[in-house]
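Laboratory data are not the source of any read-out in this text; all were calculated from the coordinates shown. Everything numeric here is computed off the predicted structure, so don't read it as measured data. Quick reminder, even Gly has a Cβ in these numbers, built from the backbone with ideal geometry, and neighbours come from all protein chains shown.
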Amino acid sequence: MSRFLSRRFASLAPYTPGEQPQGMEYVKLNTNESPYPPAPGVIAALSAAEVSRLNLYSDPQTKALTNAIAKRYGLFPAQVLPGNGSDEILVFCFEAFCGEDAGACFADLTYGFYEVYARLFCLETKVIALSERFTIEPEAYFNAGKTVFIANPNAPTGVFLALGELEEILKHNRENVVVIDEAYVDFGGESAVSLLARYENLLVVQTFSKSRNLAGARLGFAMGSEQLIGDLMKMKFSFNPYNINRLSILAGAAAMEDGAYFEACTKKIMQTREAVAVSLEERGFFVLPSRANFVFAAPKRIGGEAYYKKLKEKGVLVRWFDRDRIRDFVRITIGSDAQMKTLLNATDQILEETK
Ligand SMILES: *Cc1c(COP(=O)(O)O)cnc(C)c1O
């Protein structure tokens, strides 16, 4: 730390992303990327013609992308704001809706960035513990008095909250914005988009990183009332009007337009997930019910950390969190069938070695 860093950031602990080894030496099941390539239309959209226009700024209205998203979800373009990853959208939400006395409210075990952003913006927080079974108890969020952030399905557990229960949270927080982070919703969850017309306090955030096979393009988006989206737009245009580059705008639009490929990939991942959950249970693991493109599982006998380290030695990367309540677990991204076979073979070896 230099002596120039603002004092308020002295104790800021930044988010630790999952390891991103730049070679191909690992079977990578640690950051919930899709094992499948982007939709065929994405490659076609990134024509040499668009590359040759990189000397010019991108469209600050991101019209091609905004329109494609709006069309897919049956919204007006003014109800949609794409961002440079949904992480950027979340930053705009913390910035726009948590100031003054509002602060932020979220679960004790959820997406790690909520805590980081709350610290970054020096916000008051209300942290609500998940139940023993890692579920969200809706009543605990009633009249939160703060801007509420809920990942649904939740990370890193994969556990989902039914739409009816989520609606109760919306009903009991009319004075606060409720942000539903739907990074994993396409793997068997229920989107809150259908509630937008009835709740002006609802903001839905999604990403292209998981179910749309574009983590490297850095694209996410918010959906909400025209007014809420206008507030987020104010943040964007006060920060970086050209936040999405030319290539990502076209890539995202093409991915959104290919519904069939999206359906095929998400369906395949859900099938693989169910098979992997059974295989892990057969090996004595405790596996939480997942509606995401990962499973959160605790091996028997050896702890989560030892299992993570031994898998890594065998060339398989998963994610282990050094955090109370979940040290026994690892989060395993659902990859291709071949990748999951490698994981299970490595697991069998580890279980044999640690008998
Ligand atoms: C992956 C993830 C994000 C971030 O996605 P990007 O669009 O890649 O920034 C947001 N929220 C949750 C819960 C996630 O798991």
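Amide H contacts of ILE128: PHE106, ALA107, ASP108, each under 5 Å away and 5 or more positions distant or on a separate chain (H built 1.01 Å from N in the peptide plane; Pro and chain starts excluded). Rounded to the nearest 500, the helix-only mean residue ellipticity at 222 nm of the chain stands at -11000 deg cm²/dmol, with each DSSP H run of n ≥ 4 adding -39,500 (n - 2.57). Estimated at 0.36 nm per residue, the fully extended path between VAL278 and GLU50 surpasses their Cα-Cα distance by 77.5 nm. Among PHE285, PHE237, PHE321, the largest mean-square fluctuation in a Gaussian network model of the chain (Cα springs under 10 Å) belongs to PHE237. Take every DSSP beta bridge whose two residues both sit in the range 94-216; close to 0 percent of them are antiparallel. Rounded to whole numbers, the Karplus 3J(HN,Hα) couplings from phi for the range 200-208 are 6, 8, 9, 10, 9, 10, 10, 9, 8 Hz, using 6.51 cos²θ - 1.76 cosθ + 1.60 with θ = phi - 60°, and x at Gly and Pro. Model label sites at ALA13 and ILE43, defined 7 Å from Cα along the beta-carbon direction, differ in position by 4.3 nm. For the range 264-275, putting each phi into the Karplus relation 6.51 cos²θ - 1.76 cosθ + 1.60 with θ = phi - 60° gives couplings of 5, 5, 5, 5, 4, 5, 5, 5, 4, 4, 5, 5 Hz, in residue order, rounded to whole numbers and with x for Gly and Pro.
Please give the contour-minus-distance gain from ARG198 to PHE237: 0.36 nm per residue of separation, less the Cα-Cα distance, rounded to one decimal in nm. Please list the in-between numbers first.
On the way: separation 39, 0.36 × 39 = 14.04 nm, distance 2.78 nm.
Going from the current span to full extension adds 11.3 nm.
Residues considered: PRO38, PRO241, PRO82. Largest GNM mean-square fluctuation over the chain, using C-alpha springs under 10 Å, is found at PRO241. Partner lysines whose Cα lies under 22 Å from the Cα of LYS268, excluding those fewer than 8 positions away in the same chain, are identified as LYS28, LYS210, LYS341. Each peptide in 185-195, 326-336 gets a packing score, the mean of other Cβ atoms within 10 Å over its residues, and the list from highest to lowest is 326-336, 185-195.
Using a Gaussian network model of the chain in which every pair of alpha carbons under 10 angstrom is joined by a spring, one finds that among THR342, THR62, THR266 the greatest mean-square fluctuation is at THR342.
Which shape class, rounded, prolate or oblate, goes with the range 195-303 when its Cα gyration tensor gives a ≥ b ≥ c as root eigenvalues, a/c under 1.5 marks rounded, and past that a/b bigger than b/c marks prolate? Please list the in-between numbers first.
Values: a/c = 2.38, a/b = 1.93, b/c = 1.23.
Judged from the Cα gyration tensor, the range 195-303 comes out prolate (a/c at least 1.5, a/b above b/c).
Model label sites at ARG301 and LYS314, defined 7 Å from Cα along the beta-carbon direction, differ in position by 1.2 nm.
Considering Cα pairs under 8 angstrom that are at least six residues apart, work out the relative contact order of the chain and quote it in whole percent.
Details: 633 pairs, mean separation 83.1, N = 355.
Rounded, it is 23 percent for the chain.
Using Cβ point charges alone (K and R +1, D and E -1), the dipole size of the chain about the Cα centre works out to roughly 780 debye.
Using only the Cα atoms of the range 100-171, build the gyration tensor, take square roots of its eigenvalues as a ≥ b ≥ c, and label the shape rounded, prolate or oblate: rounded if a/c is under 1.5, else prolate if a/b is larger than b/c, else oblate.
It is oblate, given that a/c is not under 1.5 and a/b is not larger than b/c.
Residue-wise HN-Hα couplings along the range 296-312, as the Karplus relation 6.51 cos²θ - 1.76 cosθ + 1.60 with θ = phi - 60° gives them from phi, are 10, 9, 10, x, 7, 6, 8, x, x, 5, 5, 5, 4, 5, 5, 4, 4 Hz; Gly and Pro carry x. Dipole of the range 187-337 computed with +1 at Lys/Arg Cβ and -1 at Asp/Glu Cβ about the Cα centre; of LEU219, PHE296, VAL330, farthest Cα towards the positive end is VAL330. In this structure the amide hydrogen of ALA151, modeled in the peptide plane, comes within under 5 Å of the amide hydrogens of TYR111, ASP181, none closer than 5 places in sequence on its chain.
Of the trypsin sites (Lys or Arg not before Pro) found in the range 73-144, those that fall in a DSSP loop while having at most 10 other beta-carbon atoms within 10 Å are ARG133.
Note on the chain: antiparallel DSSP beta bridges, both residues inside, total approximately 50 percent of the bridges counted.
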